[in-house]
Amino acid sequence: MKRKSTLYLKAAILLISVLGYGQTIQFSVHVASSLDASKDQDMDFATVVSGSGLQEINLGDAGMGVFAITGNEEMDVIVTLTPPANLTHTGASSDVIPFTLNFAYANKGVNDVNQAVTVIGSTARFQLKERVSGPAGAPPTPPSSAYTPNQATAYIYIFGSMNVGVIDAGSYSGTVDLSVTYD
Amino acid sequence: MKNLILFVLLNSIILAQNSSDVKVNIQATVVDYIEMITLADIDVGTVIPSDEFLRLDPLSDQGAGIIALQGRQNASVQVSFSAQVEMVNVITDHALTVNYAVAGNGDNDQAAASLLISNPATVQLNSSGEYYLWIGCEFSLIGLVPGQYDGDFSIEVDYN
């Protein structure tokens, strides 16, 4: 079967050679601009007392976590955060701290919580750089050798609360996963 | 024979990513709750100059200082205190050496308390997370200059 296919191919090439003519194929690839996310700051509740109940880090507090997202300023992005249900003891204890996540984004090109928009839920879709005139009318120009779009950085602020019951002393931790993609 | 010519023009080859994933860590340090509440200061009463020695028994004297510990239920706690403190007459600067003794009990019952022999000592909070300390003292009155003496007695507690 495999050998038979090879014979057909040789025959085709021979036929074309006999006909003989020049041909140009224009091959163009549109590759989206790169999209980079990085962590600027971890989230830190600092030291709390066992049994102290609800502990909060609010938007703008020193302990909030910060992500930076850099990419094509003309594009929209979809950001999805996956928080842990609990912070877990880093040692042998099985005690946990229930955790609730909130987040906000600032997409005006500067790292400023006063410009942040609080998100309801765990997913947000927004313009990487807010367009003052509102939503774009036409699709953004694809990057090419003749056109390089400007880059912009948006900031994601992670804050939230945890409920500290009567639990073992020690260090507790968790991880928030951020996934960002062009819309 | 004419040759077939294929031109493939690759306008752009750009290695780029259009999605990204990153993680942020959440950190919290939890410490055990413990609090000391002074229920009564030490009261040595009136000192009679003819006496040679003053002793305030932490197990029986009503003038003993009282401190309540409040923390985690049934927790083991380490108590350390100043066994000896040099006090100073605020006018004459004469020194007065005061030796302290501490007794403790899980219940607020001085008569049933036990003297803390070691320093630091390990005690256990009761089922309500409480423990009581009585602080007594003793010092020599021989050659003591009348007046007010100041000094700091410190007591520290921590979970084991």
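Observations on the structure shown:
- The 1.4 Å probe gives accessible areas that order A:MET43, A:MET75, largest first, as A:MET75, A:MET43.
- Spatial separation of Cα centroids for the stretch B:138-160 and the stretch A:162-183, in angstrom: 48 Å
- Full extension of the chain between B:ILE117 and B:LEU54 gives 20.6 nm of extra length, using 0.36 nm per residue less the Cα-Cα distance.
- For the chain pair B and A, the interface hides roughly 3800 square angstrom of accessible area in total, found with a 1.4 Å probe.
- Residues in the stretch B:21-51 reached by a label modelled at B:GLN62 [backbone nitrogen below 20 Å; 7 Å Cα→Cβ]: B:39-48
- Solvent-accessible surface (1.4 angstrom probe) belonging to A:VAL49, in square angstrom, nearest 10: 50 Å²
- The calculated FRET efficiency for the pair B:LEU39 and A:ILE120, based on their C-beta separation and a Förster distance of 45 Å, comes to about 0.35.
- Taking A:PHE67, B:PHE81 and ordering them by how much accessible surface each has at a 1.4 Å probe, largest first, produces B:PHE81, A:PHE67.
- The distance between label points at B:ASN99 and A:TYR147 comes to 9.3 nm (points 7 Å beyond Cα on the Cα→Cβ vector).
- For A:LYS39, the aspartates and glutamates whose Cα falls under 18 Å of its own Cα, not counting residues fewer than eight places away in the same chain, are A:ASP61, A:ASP112, A:ASP177, B:ASP21.
- Compactness of the stretch B:16-160 is given as radius of gyration and Dmax, 22.1, 94 Å, from Cα positions.
- P(r) tail, the stretch B:49-91: Cα-Cα pairs separated by more than 16 Å, 67% of all pairs.
- Computed from label points 7 Å out along Cα-Cβ, the spacing between A:VAL132 and B:VAL47 is 8.0 nm.
The values are calculated or read from the model by the stated rules, or taken from the named source; none is laboratory data. These figures come from a predicted structure and were not determined experimentally. Note that each Cβ is placed from the backbone with ideal geometry, even for glycine, and that neighbours are counted across all protein chains shown. Heavy atoms of the whole protein, side chains included, go into the accessibility calculation; ligands, DNA and RNA do not. Shrake-Rupley method; radii C 1.70, N 1.55, O 1.52, S 1.80 Å.
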